[in-house]
Amino acid sequence: MRHLNIDETKLKIIEQLIILNDDSVFEKVEILINESLQRPKRTKLTKQELIDRSLLSNIVIENNDIYSNDQVEKFANK
């Protein structure tokens, strides 16, 4: 049996995922990838959570309580 190198294996998996239409498999693959990358699982926000975030963002903008990327990076480095 021939052993594929990692790049060939990645391409083979990508090709298979392109033709796949099974949501449950995609969910499992995403969980495996996130676990291997040690990332937290993404969760879907409810409609109300999205609305709440939007309202909070509007309040922050109205209060001019916003920061540039440079300012945020300076805060993070302190």
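For the chain, just list the percent of Cα-Cα distances falling in each 5 Å bin from zero outward, please.
The calculated distribution, bin by bin, is 3, 11, 10, 12, 13, 14, 10, 11, 10, 4, 2, 1, 0, 0.
State which helices in the chain qualify, where a helix is a whole DSSP H run, it must extend 15 Å or more along its own axis by its Cα atoms, and its mean Kyte-Doolittle hydropathy must be at least 0.0.
TM-like helix candidates: 6-19, 23-37, 47-62.
Please work out the C-alpha center-to-center distance from the range 57-78 to the range 23-50 and express it in whole Å.
Answer, in whole Å: 28.
Given the pairs Lys10/Lys41; Lys41/Lys74; Lys12/Lys41; Lys28/Lys74; Lys12/Lys44, which span a C-alpha to C-alpha distance of over 31 angstrom in this model?
Beyond 31 Å between Cα atoms: Lys28/Lys74.
Quick check on the chain: helices-only [θ] at 222 nm, where DSSP H runs of length 4 and up contribute -39,500 (n - 2.57) each and the sum goes over total residues. Nearest 500, please.
Result for the chain, helices only: -22000 deg cm²/dmol.
Are there any chymotrypsin sites (Phe, Trp or Tyr not before Pro) in the chain that are in a DSSP loop and have at most 13 other Cβ atoms within 10 Å? List them by number.
Tyr67
Could you tell me the calculated FRET efficiency between Asp22 and Arg42, based on Cβ-Cβ distance and R0 = 25 angstrom, to the nearest 0.05?
The value I calculate is 0.85.
Give me the tail of P(r) for the range 1-42 as a percent: Cα-Cα pairs with distance above 14 Å.
That fraction is 61 percent.
Every number in this text was worked out from the coordinates using simple rules, so none of it is lab data. Please read all numbers here as calculations on a predicted model, not as lab measurements. Methodologically, a virtual Cβ is constructed for each residue, glycine included, from the backbone with ideal geometry; neighbour enumeration extends over all protein chains shown.
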